[in-house]
Amino acid sequence: MTALRRFALAFAALAVLASPVLAQAGSFGNSVVIDGDALLIGEPNNTFRPGMVYVYGKTGNEWTETTILTAPDAERADGFGAVLALTDNTLFIANRGGAVFAYERSGDGWTFSEMVTEDASAGLDPRCDFNGYCGVDYGISLAAEGDWVLVG
């Protein structure tokens, strides 16, 4: 069995085990981060409540939901969890409203630490809306390593 097939089978098993009762949208798993015995799954596309990031911990062969993260200023259909990036014990979560939220891990728990929004001078692009700003695209991609986070 190839490594890719083993990964695909393992991922399929995780998705079945991890799918929460609360998940309302087909976007559960839109973004996924695996870090050792932690599994973080975004569900940003919903219309009845805020986006969520489900956090699972692994004990033996079992994955158990440990917490659910929402934005500190959560609103219905906010797109929270659209993009995830993890470095060390810092998780960055983007929404479609132009913000990136940082959460710090301590043991099995996560605590909100700060929100980064786009600089008002960033995004000047004549191909965007009538005034040339693309504010809603901030956070459409994330990469994190060490002390750096890159926001697209």
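Each value in this text was obtained by applying a stated rule to the coordinates, not by laboratory testing. Worth saying up front: this structure is predicted, and the values here are computed from it rather than measured. Note that each Cβ is placed from the backbone with ideal geometry, even for glycine, and that neighbours are counted across all protein chains shown.
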What nm distance separates the two modelled labels at GLU65 and MET115, each placed 7 Å from Cα along Cα→Cβ? 2.4 nm
Please identify the chymotrypsin sites (Phe, Trp or Tyr not before Pro) of segment 35-91 that satisfy two criteria: DSSP loop assignment and at most 12 other Cβ atoms within 10 Å. Which are they? PHE48
Ranked highest first by the average count of other Cβ atoms within 10 Å around their residues, in what order do 72-78, 85-91 fall? 85-91, 72-78
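Find how much the distance from ASP73 to ASN89 grows on full extension, using 0.36 nm per residue of separation minus their present alpha carbon separation; answer in nm with one decimal.
Numbers: separation 16, 0.36 × 16 = 5.76 nm, distance 2.20 nm.
The span from ASP73 to ASN89 would gain 3.6 nm if fully extended.
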